[in-house]
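Reading through the structure tokens given below for one structure.
The values are calculated or read from the model by the stated rules, or taken from the named source; none is laboratory data. Given the structure is predicted, the values throughout are model-derived calculations rather than measurements. Here Cβ is always computed from backbone atoms with ideal geometry, including for glycine, and neighbour counts include all displayed protein chains.
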Amino acid sequence: MSPGERAENLIAEFGITSPDELDVRAFAYDAGLEVEFDDLEGCEATLVGVGNRGIATIRPSNVVGRERFSIGHELGHWEMHRGKSFRCRVDDPSDNLASNSEQEKHADEYASHLLMPRPLLQPMVKSVGCPGFKHINEFAEIFQTSRTATCIRLAQIDTLPIIAACYRGNDLRWLSRAPDVPRKWFLKSRLDEDSFAYDVLQHGREAQGKQPAEVWFDDDGADEYEVMEHSARGRDGEVLVLVYLTDVEMMTSRSSRSRHAEGAWRSRGGY
């Protein structure tokens with residue numbers, strides 16, 4: 001069972017039907033994990049445990065979403081890696097997207113499914129159609145999560161042909177793609193000066209609109225398609241990006257350089 005499946009099974013066991021019922025501290029308490037807050041130095045959270053009881057210590061934050069994600073992350077460690085002690089940075093799941101630690105990624109997956117379970121988030125996404133950052137902010141407020149965590153989860157639920165990403169300066173820091181987006185569509189490692197994201201870094205204003213796919217992809221066939229780009233300023237020196245593959249052919253085309261599986265969008269009727 002995947003970390004996400006374990007988290008959503010817990011949601012089902014609690015009979016939760018509304019985002020305001022997602023009490024992450026209650027989940028931790030039920031699992032035998034006590035949550036404390038302290039001004040930690042050098043990390044965002046620690047986890048120690050003996051037998052079936054543990055203590056998760058969280059560094060306080062003025063951002064509720066960060067505290068909640070930290071608790072969910074440590075609960076993920078407690079459920080999956082019990083018996084070990086962890087000292088890790090968990091205030092932002094993008095920190096672990098950019099790392100090579102499988103344990104941290106698993107704990108992030110658990111936390112994101114716990115805080116934004118598919119049965120509650122997916123209908124909201126479908127009602128919007130093509131969420132931009134206005135909707136991301138609304139989802140984040142409803143689920144009390146950070147904007148970054150919400151962007152990543154939007155890609156993970158695999159409802160839309162989307163790639164979420166973050167650039168620091170002009171360099172790609174991390175990306176999260178919908179599982180059915182063909183692997184051939186890998187974002188450029190450097191921002192194109194024609195992208196809205198480049199303008200956001202320079203001027204700080206959110207921007208969205210259609211772009212030639214070649215602005216975002218180096219693949220040989222990119223010049224044949226268009227994508228929808230949404231970009232917004234992230235943390236200092238960073239820009240968050242949502243790239244929607246709005247041409248259905250992009251979900252079934254094959255690269256001349258890489259022959260990956262086509263994905264499932266054709267059977268779903270496209271975007």
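Quick check: anything in region 78-95 assigned to a loop (DSSP other than H, G, I, E, B), closer than 29 Å to residue 142 by Cβ and modelled with pLDDT of 80 or more? Quick ask: steps written out before the conclusion?
Step one: list which residues in region 78-95 are assigned to a loop (DSSP other than H, G, I, E, B), which gives 81-85, 89-93.
Filter again for closer than 29 Å to residue 142 by Cβ, leaving 89-93.
Remaining after also requiring modelled with pLDDT of 80 or more: none.
No, because not a single residue in region 78-95 is assigned to a loop (DSSP other than H, G, I, E, B), closer than 29 Å to residue 142 by Cβ and modelled with pLDDT of 80 or more.
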Flagged pairs (Cβ under 9 angstrom, 6 or more apart or on separate chains; first in region 99-119, modelled with pLDDT of 95 or more and among the small types (Gly, Ala, Ser); second surrounded by 21 or more Cβ atoms within 10 Å (Cβ to Cβ) and not in a helix (DSSP H, G or I)) are 111/90; 111/93; 112/93; 112/145
Counting only helices (runs of 4 or more DSSP H) wholly inside region 130-226, the ones holding at least 2 residues that are in the same structural domain as residue 237 (by TED's automatic domain parsing) and surrounded by 20 or more Cβ atoms within 10 Å (Cβ to Cβ) are 196-203
Assess whether residue 258 counts as being in the same structural domain as residue 179 (by TED's automatic domain parsing), in a loop (DSSP other than H, G, I, E, B), over 23 Å from the mean Cα position of the chain (by Cα) and modelled with pLDDT under 60. yes
Flagged in region 110-129 as under 13 Å from residue 7 (Cβ atoms) and either within 11 Å of the chain's Cα centre (by Cα) or assigned to a helix (DSSP H, G or I) (or both), in numbering order, are 110, 111, 112, 113, 114, 115, 116, 118, 119, 120, 121
Considering region 17-70, residues that are closer than 18 Å to residue 144 by Cα and hydroxyl-bearing (Ser, Thr, Tyr), and then whichever is surrounded by the most Cβ atoms within 10 Å (Cβ to Cβ), we arrive at 70
Among (1) at pLDDT 95 or above; (2) among the hydrophobic types (A, V, I, L, M, F, W, C); (3) in contact with a Ser or Thr (Cβ under 8 Å, 6 or more places away or on another chain), residue 187 falls short only on (3)
Taking region 18-36 and keeping residues more than 17 Å from residue 78 (Cβ to Cβ) and touching a residue at least 12 places away in the same chain (Cβ under 8 Å) leaves 18, 19, 22
**Study point:** Any hit, region 200-217, residues being under 28 Å from residue 124 (Cα atoms) and of a type in the set (Val, Ile, Thr)
**Key:** yes
Filtering region 227-242 down to residues that are surrounded by fewer than 19 Cβ atoms within 10 Å (Cβ to Cβ) and assigned to a loop (DSSP other than H, G, I, E, B) yields 235, 236, 237
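Which residue out of 218, 223, 236 is among the charged types (D, E, K, R), out of contact with any helix residue (DSSP H, G or I) (no Cβ under 9 Å at 6 or more places or on another chain) and free of Cβ contacts under 8 Å to residues at least 24 places away in the same chain? Before you say what the answer is, go through the steps one by one.
Details: 218 fails: free of Cβ contacts under 8 Å to residues at least 24 places away in the same chain; 223 fails: out of contact with any helix residue (DSSP H, G or I) (no Cβ under 9 Å at 6 or more places or on another chain).
Going through 218, 223, 236 in turn, the sole match is 236.
Can you tell me which residues in region 181-205 are in contact with a helix residue (DSSP H, G or I) (Cβ under 6 Å, 6 or more places away or on another chain) and acidic (Asp, Glu)?
Within region 181-205, the subset in contact with a helix residue (DSSP H, G or I) (Cβ under 6 Å, 6 or more places away or on another chain) is 191-192, 194-195.
Once the filter is applied, which keeps residues that are in contact with a helix residue (DSSP H, G or I) (Cβ under 6 Å, 6 or more places away or on another chain) and acidic (Asp, Glu), region 181-205 yields 192, 194.
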